[in-house]
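Participant: Next up is a structure, given as structure tokens.
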Amino acid sequence: MTKRGFALKNSSGVAKCPKCGNNKKFIAVCDQVAEDGCEIWVECYSCNYNPFAESSGSCIESVMGSSDDCNLMMAVDEWTSLIEKGNKGSVFNIKTGRRLIK
Ligand SMILES: [Zn+2]
């Protein structure tokens, strides 16, 4: 599992952390779950709030196994949908670009 912090240049449209109000700095977490894939999600940089922890199976699957900027933005989108819509159990598959609702 690898983690790295990043700051958004433009945080408009990004949900605020329900604990501390931060919507600019996040920690990207990449967890290798298969030889050719990993799950990516983001945590709040300030307080480590992680909406994905309460929603098992909700994360970004990347077949490239990387946490590049494109994947990070998808993870941030998922953060926003989890916080604002309580969208539990959604999985975004980068390979197909389809959002799968379980
Ligand atoms: Zn926070």
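Participant: From the backbone phi of segment 75-84, what are the Karplus-calculated ³J(HN,Hα) couplings (6.51 cos²θ - 1.76 cosθ + 1.60, θ = phi - 60°) in whole Hz, Gly and Pro given as x?
Facilitator: 5, 5, 4, 5, 4, 4, 5, 5, 6, 7
Participant: Right, next: With each pseudo-label sitting 7 Å past Cα toward Cβ, what's the K16-Q32 distance in nm, one decimal?
Facilitator: 4.0 nm
Readers should treat all values here as calculations from the given coordinates under stated rules, not as data from a laboratory. If you're wondering where the values come from, they're calculated on a predicted model, not measured in any experiment. Cβ sites come from the backbone with ideal geometry, for glycine too, and all protein chains shown count toward neighbours.
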